[in-house]
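K.L.:
Shown below is the structure under consideration.
The values are calculated or read from the model by the stated rules, or taken from the named source; none is laboratory data. This is a predicted model, so every value here is computed, not measured. All Cβ positions, even for glycine, are placed from backbone atoms using ideal geometry, and neighbour counts span all protein chains on display. Remember, those area values only see protein heavy atoms, side chains included, never the ligands or the DNA or RNA. Shrake-Rupley method; radii C 1.70, N 1.55, O 1.52, S 1.80 Å.
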Protein chains: 2
Amino acid sequence: MNIGEIARRAGVSRSTVSYTLSGKRPVSETTRRRILDVIDELDYQPNANARALKEGRTRTLGLVIPPASSRLTDMQLDFVASVVDAAARADLDVLLSPSGGDHDRSFERVITGRRVDGVILMEIRLEDARVTRLQQAGLPFVGIGRTARSDGMWWVDVDYATLIARCVHHLADLGHRDVALINRSAELVAAGYGPGHRALAGFAEAVAERGLTGVDYCCADDTLAGEACIRAILREHPEVTAVATINEAALPGIQRALETAGLAIPRDFSVTGVAASHWAENFRPPLTAADVPAIEMGAQAVQLLATSIATPEAPPRQLLLAPAVSLRSSTGPVRVRR
Amino acid sequence: MNIGEIARRAGVSRSTVSYTLSGKRPVSETTRRRILDVIDELDYQPNANARALKEGRTRTLGLVIPPASSRLTDMQLDFVASVVDAAARADLDVLLSPSGGDHDRSFERVITGRRVDGVILMEIRLEDARVTRLQQAGLPFVGIGRTARSDGMWWVDVDYATLIARCVHHLADLGHRDVALINRSAELVAAGYGPGHRALAGFAEAVAERGLTGVDYCCADDTLAGEACIRAILREHPEVTAVATINEAALPGIQRALETAGLAIPRDFSVTGVAASHWAENFRPPLTAADVPAIEMGAQAVQLLATSIATPEAPPRQLLLAPAVSLRSSTGPVRVRR
DNA sequence: ATGTTCGATCGAATCGATTCCGCGAATCGA
DNA sequence: TCGATTCGCGGAATCGATTCGATCGAACAT
């Protein structure tokens, strides 16, 4: 079922079939109709590999994800889903490639095998070898996240520093003087995970600006760790009256531990942070938080990548998103305990 | 940077380069060394499209996922991650294709464009047009899940009927006489979602066998719906003393609503079901449940697909998993309320 | 010394598309 | 009616690999 078969049945040459399909040269209405009929009848579609070989592009983009060993977070899942969705809308296919760990063969295969026209890179670290590799390979790519010095690359990212700062200001406005930051896991931060570092920086700056005292905790991405973290904060810093977090997965634990400690939200303790809206809305009471528009970010990344592929020499574009803090009901005026 | 370039620099013909790479014909040690040196120096990798075109296989498998519009569940995410991981281990790449909704162009492109050697199909319905399509296209595929009549296809699935039946028997052994099933969403079940139907069947059969009375509820995949569902059960069937569920995402809501109602688990109310272990372990108290080995299932699906591709004429193989119910502490002897 | 065998390598065909070049027929203006 | 232009289409080269026969020189037996 190749183009030659179609040509034979329609009584024309292969090139004519190709031109009717692409429309790059006029074809008379009668032969055109005849060819399309045969194509419909045989359910023909051009072989994607042959086409890619000749055209030099694959109409496919690579999506580089962290290895499965580290459970993907909900936010990362949203990225994947929205990238796939946006790509499908643009008639692009998505080739998944786990990287990190022992999966660098997969990454290399995708890069140097010319299987993709461009790459979307998730989970970028402040220093990231994959970015260097892609730049040297000359393959267009867009980061979801960014490295420490990222002027030269295309990316879309969430402005964690600004968002956490806004949360701190919000808490300060409510009279809180002692606040805590619940960050992502210590390993992640130590590995140069950008959001962790930038959230901490924004937290420190806002705390200093408002003359508060702030403590920061690292916390693994699960309910149990969230509980443990709140317990540690209450024990080690009983003066703390509010927390801000970028750790969505810890939220259920935070809620549980505060309940267990007999602290009502927001009467006795305020909670805020940065989280996808479904986390915020499942919190009780609903979480005052900056809602990360993960779905939109994935779509934007595909957009950027498409233009980067189309115009490889164009100067890189960046998109730093800082959605507003949605006031729900998990923060309130400070109230002195005991 | 193609094979011709390598051949020129090494002073040999293209075929010799190809044979050193594939080892399908002997090459003398000296030229072999010379060629490999050039390859290393230039960082050459064969063009995947050209190779696929000639060989007639792509070393790529397609993973068909539900569209992003419906949020993927944690279990589905585990499938995706483990499939990608297992494929990478087998030096296969994974092409993602959303299907359903308006994304059938993507599905068709992957199938008829010969972009993949085989397909893994997620979220199979009892009647599923994609299965028919793949069969008629003659493309090897493995389902994660299965259709109503599934003898003729390859699949790996969880035996929801048996697992839910075991949960019911366990509850009956503890003296419970009135039990409820919390299923997935009504739309999903109405659309012919296999696990929903089979869980219900297993529930009904076990309830009958033990002479219990059982009610079943559909419930959307989120915390809030879980709460609402428990409230409805307590209101409409106050005699119920235990629930079994296959709805992981509803578990936090189930827990919350029971707490709110002043019912202690497992003293006043028992909860059990089928759930990935991290859901079970985040429940409080830890959930007695059959742990779905999603990670293993993804890996098995890749295995099956690989053998199906290698031996297309072999009779289909199936894998029906029924992991044991892990006794944790969310079930206990019945106790009459009021 | 001559014919044979065998190992190492080369040349050319092939996979299935796209695209440039050019040919014949139809159409046009004068 | 004749040369020029246009229109529609076919032929062949090309993309970058794999693979099958063919070749060539060396080693071997007779």
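K.L.:
Find how much the distance from B:E296 to B:E55 grows on full extension, using 0.36 nm per residue of separation minus their present alpha carbon separation; answer in nm with one decimal.
P.N.:
83.7 nm
K.L.:
Taking a label point 7 Å from Cα toward Cβ, how far is B:T307 from its twins in the other copies, in nm, shortest first?
P.N.:
5.1
K.L.:
Test of understanding: what is the full-extension gain from B:T30 to B:A191, defined as 0.36 nm times their sequence separation minus their Cα-Cα distance? Let's see the in-between values first.
P.N.:
Details: separation 161, 0.36 × 161 = 57.96 nm, distance 6.42 nm.
Length difference between fully extended and current span is 51.5 nm.
K.L.:
5 Å is the cut-off here: which amide hydrogens, built 1.01 Å from N in the peptide plane, fall below it relative to B:H176, excluding neighbours closer than 5 in sequence?
P.N.:
Those qualifying (amide H under 5 Å, at least 5 residues apart or on another chain) are B:V334.
K.L.:
Quick one: with label points 7 Å out along Cα→Cβ, list the inter-copy distances for B:D268 in nm, shortest first?
P.N.:
2.1
K.L.:
Between A:L42 and B:A314, what is the FRET efficiency for a Förster distance of 35 Å, r being their Cβ-Cβ separation, to the nearest 0.05? Don't jump to the answer; show the numbers that get you there.
P.N.:
Values: r = 28 Å, r/R0 = 0.81.
So the FRET efficiency works out to roughly 0.80.
K.L.:
How large is the helix-only mean residue ellipticity at 222 nm for the protein assembly as shown, computed as the sum of -39500 (n - 2.57) over DSSP H runs with n ≥ 4, divided by its residue count, in deg cm²/dmol to the nearest 500? Write out the running numbers ahead of the final one.
P.N.:
On the way: 28 runs with 311 residues, N = 676.
Only helices count here, giving -14000 deg cm²/dmol.
K.L.:
What's the magnitude of the charge dipole for chain B around its Cα centre, counting Lys and Arg as +1 and Asp and Glu as -1 at the beta-carbon? Answer in Debye, nearest 20.
P.N.:
In debye, rounded to 20, chain B gives about 800.
K.L.:
Can you give the charge dipole size of the protein assembly as shown about its Cα centre, rounded to the nearest 20 debye, using +1 on the beta carbon of Lys and Arg and -1 on the beta carbon of Asp and Glu?
P.N.:
Values: 76 positive and 80 negative charges, 315 e Å.
That gives the protein assembly as shown a dipole magnitude of about 1520 debye.
K.L.:
Show me, for region A:23-34, the HN-Hα J-couplings you get by feeding each phi into the Karplus relation (A = 6.51, B = -1.76, C = 1.60, θ = phi - 60°), rounded to Hz, glycine and proline as x.
P.N.:
Here the 3J(HN,Hα) series is x, 7, 9, x, 10, 4, 4, 5, 5, 3, 4, 4 Hz.
K.L.:
A further question follows. Is the C-alpha gyration tensor of region A:90-182 telling us rounded, prolate or oblate? Criteria: a/c under 1.5 is rounded; beyond that, a/b larger than b/c is prolate, otherwise oblate.
P.N.:
On the way: a/c = 2.90, a/b = 2.66, b/c = 1.09.
Cα axes put region A:90-182 in the prolate bin.
K.L.:
Please give the contour-minus-distance gain from B:D151 to B:A261: 0.36 nm per residue of separation, less the Cα-Cα distance, rounded to one decimal in nm.
P.N.:
Values: separation 110, 0.36 × 110 = 39.60 nm, distance 4.63 nm.
Length difference between fully extended and current span is 35.0 nm.
K.L.:
Sticking with this one: May I ask what percent, to the nearest 5, of DSSP beta bridges between residues of the protein assembly as shown are antiparallel? Mind dumping the intermediate values first?
P.N.:
Working: 9 of 85 bridges.
Looking only at bridges with both residues in the protein assembly as shown, the antiparallel portion is about 10 percent.
K.L.:
Residues of A:23-36, mean number of Cβ from any other protein chain within 10 Å of their own Cβ, rounded to a whole number?
P.N.:
On the way: counts 0, 0, 0, 0, 0, 0, 0, 0, 0, 0, 0, 0, 0, 0.
For peptide A:23-36, the averaged partner shielding equals 0.
K.L.:
With the label 7 angstrom out along Cα to Cβ, how close does B:D91 come to the same site in each of the other copies, in nm, nearest first?
P.N.:
Its label point is 3.5 nm from the equivalent points in the other copies.
K.L.:
Search the structure for amide H atoms under 5 Å from the amide H of A:I120, placed 1.01 Å from N in the peptide plane, and list their residues when 5 or more places away or on another chain.
P.N.:
A:G62, A:L63, A:V64, A:V142
K.L.:
Under 1.5 on a/c is rounded, so check that first for region B:160-290, then, if it is not, pick prolate when a/b is larger than b/c and oblate when it is not; a ≥ b ≥ c are the square roots of the alpha carbon gyration tensor eigenvalues.
P.N.:
Details: a/c = 1.31, a/b = 1.07, b/c = 1.22.
Taking the square roots of the gyration eigenvalues as a ≥ b ≥ c, region B:160-290 is rounded.
K.L.:
Oh, and also: For region A:270-287, in order, what is each residue's ³J(HN,Hα) by Karplus, 6.51 cos²θ - 1.76 cosθ + 1.60 with θ = phi - 60°, in whole Hz (x at glycine and Pro)?
P.N.:
Along region A:270-287, the couplings run 9, 10, 8, x, 10, 7, 4, 5, 6, 5, 4, 7, 8, 6, 10, x, x, 7 Hz.
K.L.:
Counting only residues 5 or more places away or on other chains, whose amide H sits under 5 Å from the amide H of A:L181 once H atoms are built in the peptide plane?
P.N.:
A:V215, A:D216, A:Y217, A:A244
K.L.:
Take A:R14 and A:D104, extend 7 Å from each Cα along the Cα→Cβ direction, and tell me the distance between the two endpoints in nm.
P.N.:
The answer from the label model is 4.1 nm.
K.L.:
Can you tell me what share of the DSSP beta bridges in chain B is antiparallel? A percent to the nearest 5 is fine. Don't skip to the end; give the middle numbers.
P.N.:
Details: 3 of 41 bridges.
In chain B, approximately 5 percent of DSSP beta bridges are antiparallel ones.
K.L.:
Another question, then. Sequence gap at least 6, Cα distance under 8 Å: using those rules, report the relative contact order of region B:15-125 to the nearest whole percent.
P.N.:
Rounded, it is 31 percent for region B:15-125.
K.L.:
Now for a separate question. Largest first, how would B:M297, A:M75, B:M1 line up by accessible area (1.4 Å probe)?
P.N.:
B:M1, A:M75, B:M297
K.L.:
Among A:T30, A:G145, A:M75, whose Cα lies farthest out toward the positive end of the dipole of region A:12-163, if unit charges sit on the beta carbon of Lys, Arg (+1) and Asp, Glu (-1)?
P.N.:
Checking the options against the dipole of region A:12-163, the answer is A:T30.
K.L.:
While we're on this one: Go through region B:208-213 residue by residue and turn each phi into a ³J(HN,Hα) via Karplus (6.51, -1.76, 1.60, θ = phi - 60°); whole Hz please, and just put x for glycine and proline.
P.N.:
5, 4, 9, x, 8, 10
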